[in-house]
1. For the chain, what does the helix formula give at 222 nm: sum of -39500 (n - 2.57) over DSSP H segments with n ≥ 4, over the residue count, nearest 500 deg cm²/dmol?
2. Given the protein chains as shown and a 1.4 Å probe, how many square angstrom of residue 111 are accessible, to the nearest 10?
3. With +1 on the Cβ of every Lys and Arg and -1 on the Cβ of every Asp and Glu, and nothing else charged, how large is the dipole of segment 1-43 about its Cα centre, in debye rounded to the nearest 20?
4. Please check the chain for the longest run free of GluC sites (Glu not before Pro) that are loop-located per DSSP (anything but H, G, I, E, B) and have at most 15 other Cβ atoms within 10 Å.
5. Compute the long axis of helix 207-223 from its Cα atoms, compare it with the longest principal axis of the Cα atoms of the chain, and write down the angle in degrees, 0 to 90, nearest 10.
6. Of 147, 284, 356, whose Cα points farthest to the positive end of the dipole of the chain (charges on the beta-carbon: +1 Lys, Arg; -1 Asp, Glu; origin at the Cα centre)?
7. Specify the angular offset, from 0 to 90 degrees and rounded to the nearest 10, of the alpha carbon long axis of helix 291-301 from the longest principal axis of the alpha carbons in the chain.
8. Measure out, as a whole number of angstrom, how far apart the alpha-carbon centroids of segment 243-265 and segment 155-203 sit.
Amino acid sequence: MYSPKDQLTELVRLLESKQYIFSADPVIITEKLQQEPGSITNKLHHRASRIDVDGKLAQALTNIDQRVQLAILLLTMTWFVLGFVGLFGFMQTSVVNFFYVLLFLLGFHTLMLFVWVGMIIISAKNKLGFFSSFITPSALIRSDDAITQTAIELYNEQLHYHGMKWYIARISHQFWLASLMGMLVSLILLLLVKNYHFVWETTLLQQSTIIQLVNVMSWLPSMVGFPTPTAEDIILSQTKPHTLSAITSFRWAMLLIGSLVMYGIVPRLSVWLFCLIMFSRKKMTLDLKLPYYQKIISLWQRDVIDPDNSPNEKKPVAPTAQINQAEKLVVLLEYPYHGNWYEQTVGRQVKDFGIVDDRDDMDKLINYLQENSVQVLIGIPPQALPDRGSMRKLDKIASHANGGLIVQLLMPQTDDINQDIINLRQEQWENALAERQIGLVRLSLPSRMLEFSQ
């Protein structure tokens, strides 16, 4: 099964293939991640989390996982109760045939364990089996929402992954283990409050044969400290079951508990751990060879982005900023920028608010604008892109800036950004600001300053 980050990335891929409209633009986020460091997988994870800006995709995956885990928990508790009640109903007489009780405790369980081992050895196919039907999200969740339906589709795809047989096997062993634990708890409680006499009645077997069978059965429990019946105890349980001493009944009871633990719980716990290890070794990972991921990787690895030099296309132009007489407040959008970048535009006699990035920054800025009538100069560093989050911030600032809002695009302070990329980003900002009629400061200065006129 995918990790949570891989799941979110795959869900974004599936939704994009269905032309789903996200809260954030995947194209802009993909371009924005081009210059950020990190491995391809980490950048894909960051891309998915930024596209899921409102958290709806992650919440859909969380809901499915919680629903599946709840179903597994309820089924585990059900198997525990069945084991508890089954043994409780079986041991309602004071004289109990030891062989019958042992067969009830371990017979069907041991048979099914051997069947499972045989199927694992013989069959190499990914057969999910009976228990997979209980954890299928389509059977647990009813929703027509596009996100939920796609998340269910993703989960079902994972169920058919070749390593999922170990996941299903681990769950089935967990159910069997719960039933054995229910039997153990029921057995201990009954032995604490009732006095049982254990017998081993037989018509065909001789006493010597029964003694040998019990000694063989007692070997493993006695190795870990469980008291076991002696030869005399075995003979008395056949000839005089109603006159057994307390110590003899105690030894038979401890052999029963020891057999349940050593021949039932320990083997089932061992195969449960084995399935857990095998499943962890066969974790699903993103298939970066898919055309979807190859397209994104090629964009990130491209050094030059060809600009659109079509002479016939009329592109929108943002209005030129007008400097008024109001007091000035300068703000950086999302990223830091060194130096007095605003000097050439509004001089030094200004209030420098700093960076506006998260919600707390926005709240402080809006509170200031509500109390002061100023013209706001937004400095946009070269890393910033006009995605939906950035434009929402500008719209909110513009609605509260009583003295007006103007924007200044800042030049790169290093040489690691290609000039074609700078031109493309300038064009994107021109388009976004033109739509909102926000004034753009156009400087014509030497020494690596950008020429913002068309």
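The values are calculated or read from the model by the stated rules, or taken from the named source; none is laboratory data. Remember, it's a predicted structure, so these values are computed and weren't measured experimentally. All Cβ positions, glycine included, derive from the backbone under ideal geometry; neighbour counts span all protein chains shown. Each accessible area value is taken on the protein alone, full model and side chains, heavy atoms only, with ligands, DNA and RNA left out. Shrake-Rupley method; radii C 1.70, N 1.55, O 1.52, S 1.80 Å.
1. On the way: 17 runs with 257 residues, N = 454.
After summing the helix terms and dividing by residue count, I get -18500 deg cm²/dmol.
2. The value for residue 111 is about 100 Å².
3. Values: 5 positive and 6 negative charges, 13 e Å.
Roughly 60 debye for segment 1-43.
4. Details: sites that count: 201, 313, 451.
For GluC sites (Glu not before Pro) (loop position, at most 15 other Cβ atoms within 10 Å), the longest site-free span of the chain is 1-200.
5. Helix 207-223 sits roughly 30 degrees off the main axis of the chain.
6. Value: 284.
7. It works out to around 50 degrees.
8. Cα centroid of segment 243-265 versus Cα centroid of segment 155-203: 19 Å apart.
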